[in-house]
Amino acid sequence: MSYFPFFVDIKGWLCVIVGGGKVAYRKVCGLLAFGADLHVIATAFIPEFEHLGNQSGRLRRSCREFQEEDLRGADLVIAASDDEGLNQRISVFCRQAHIPVNSASGKEDSSFLFPALITEGPVTIGISTGGNSPALAHFLKERIQGVLPEEIGETAQELGKLREIFQKQYPDSPALRRSLSGTLAEESLKTGKIPDECALIEAQNLMNKKTDKRTNTT
Ligand SMILES: C[C@@]1(CC(=O)O)C2=NC(=C\c3[nH]c(c(CCC(=O)O)c3CC(=O)O)Cc3[nH]c(c(CC(=O)O)c3CCC(=O)O)/C=C3\N/C(=C\2)[C@@H](CCC(=O)O)[C@]3(C)CC(=O)O)/[C@H]1CCC(=O)O
Ligand SMILES: NC(=O)c1ccc[n+]([C@@H]2O[C@H](COP(=O)([O-])OP(=O)(O)OC[C@H]3O[C@@H](n4cnc5c(N)ncnc54)[C@H](O)[C@@H]3O)[C@@H](O)[C@H]2O)c1
């Protein structure tokens with residue numbers, strides 16, 4: 001089965017992670033980068049956690065046994081202990097309470113999976129094999145990274161600004177706005193150049209040329 005990919009704003013979400021090993025650390029790093037608040041509970045932590053600090057209060061660590069009480073108010077839960085029974089109990093509790101849960105013990109106990117992630121500014125690409133082969137997800141990620149233009153994040157940001165300009169300039173012409181956005185995105189991918197207002201004028205010229213050509217041939 002394939003999994004539906006959501007792009008969710010998790011800023012300020014309370015994420016509870018049970019476990020302080022390699023798996024928990026990988027998930028913690030991923031979630032921190034997207035602005036979540038984390039509470040990690042584990043009987044022992046790998047040293048990498050020390051280097052994370054408390055992330056200006058966004059990362060809290062409790063060095064003790066997990067208690068069910070820890071799940072109160074959680075928006076998202078990761079069961080990443082090495083105790084399969086515990087991971088399973090956490091998963092059952094969360095599913096009953098409708099809290100999204102990911103378990104390191106297997107996808108059967110997870111209501112969502114983590115993808116291999118490419119993040120460049122506002123551009124995020126998530127790759128999943130539906131849990132079949134994390135290794136394949138990793139290699140696919142490397143391949144995609146190899147063909148992405150370096151400045152893709154900045155390009156997306158600039159296209160966002162230009163899009164706002166079109167919305168003001170051509171409020172009643174959605175088709176024109178779509179063509180302009182499309183032409184600019186295509187050109188910046190072709191040339192590898194970050195679009196700016198000059199690119200906007202060029203795109204308008206290009207579109208005029210295309211329109212002229214069509215009119216002349218009809
Ligand atoms: C993408 C990434 C995200 C992340 O975890 O952060 C990810 N695993 C990554 C790394 C990684 N995984 C493994 C190792 C150890 C080395 C090795 O053993 O080879 C390493 C370390 C490394 O490779 O460096 C082994 C492994 N993984 C899972 C199992 C158990 C199982 O299959 O039951 C086993 C045990 C062995 C096996 O059977 O292979 C399970 C899952 N791993 C997933 C995601 C989910 C499905 C993704 C999909 O749909 O494809 C799922 C279901 C869990 C989940 O949802 O979290 C991240 C890629 C980093 C990147 O490149 O970005
Ligand atoms: N290492 C991998 O790449 C990988 C990949 C996929 C799945 N897994 C599975 O994920 C699990 C975790 O892997 P890991 O390498 O992070 O393990 P680990 O042994 O490094 O860490 C396990 C953590 O669970 C904590 N823990 C155990 N019982 C607890 C309890 N009752 N309360 C609080 N904390 C408790 C321990 O303190 C420790 O921090 C394992 O079961 C493993 O089989 C590992």
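The values are calculated or read from the model by the stated rules, or taken from the named source; none is laboratory data. Predicted, not measured: the structure shown is a model, and the values here were computed from it. Heads up, the Cβs are rebuilt from the backbone with ideal geometry, glycines too, and the neighbour counts pull from every protein chain shown. Ligands, DNA and RNA are excluded from the accessible area calculation, which covers all protein heavy atoms including side chains. Shrake-Rupley method; radii C 1.70, N 1.55, O 1.52, S 1.80 Å.
Entry note, the chain: the mean residue ellipticity at 222 nm calculated from DSSP H runs of n ≥ 4, each adding -39500 (n - 2.57), is -15000 deg cm²/dmol after division by the residues and rounding to the nearest 500. Helix 197-217 axis versus longest C-alpha principal axis of the chain: approximately 50°, rounded to the nearest ten. Loop-located GluC sites (Glu not before Pro) across region 143-172 with a Cβ neighbour count of 11 or fewer within 10 Å are Glu150, with loop assigned by DSSP.
Among the trypsin sites (Lys or Arg not before Pro) within region 1-105, those in coil by DSSP and having at most 11 neighbouring Cβ atoms inside 10 Å are Lys11, Arg64, Arg72. Evaluating 6.51 cos²θ - 1.76 cosθ + 1.60 at θ = phi - 60° for every residue in region 44-54, the Karplus couplings come out as 8, 10, 6, x, 3, 4, 4, 5, 6, x, 10 Hz, glycine and proline recorded as x.
Think of the chain as having a plus end and a minus end, set by charges on the Cβ of Lys, Arg, Asp and Glu; of Phe66, Ser105, Ser188, Ser188 sits farthest toward the positive end of this dipole. Under a 5 Å amide H cut-off, with hydrogens placed 1.01 Å from N, Asp196 pairs with nothing among residues at least 5 apart or on other chains. For Cys94, Cys198, the ranking by accessible surface with the largest value first comes to Cys198, Cys94, using a 1.4 Å probe. Helix 174-191 axis versus longest C-alpha principal axis of the chain: approximately 80°, rounded to the nearest ten. Residues Met207, Met1, sorted by accessible area with the largest first, give Met1, Met207 [1.4 Å probe; ligands and nucleic acids excluded].
Karplus-based coupling profile of region 4-14, in residue order and whole Hz: 6, x, 9, 10, 10, 7, 9, 4, x, 5, 8, with θ = phi - 60° in 6.51 cos²θ - 1.76 cosθ + 1.60 and x standing for Gly or Pro.
Counting lysine pairs in the chain that sit 8 or more residues apart in sequence, or on different chains, and whose Cα atoms lie under 27 Å apart gives 26.
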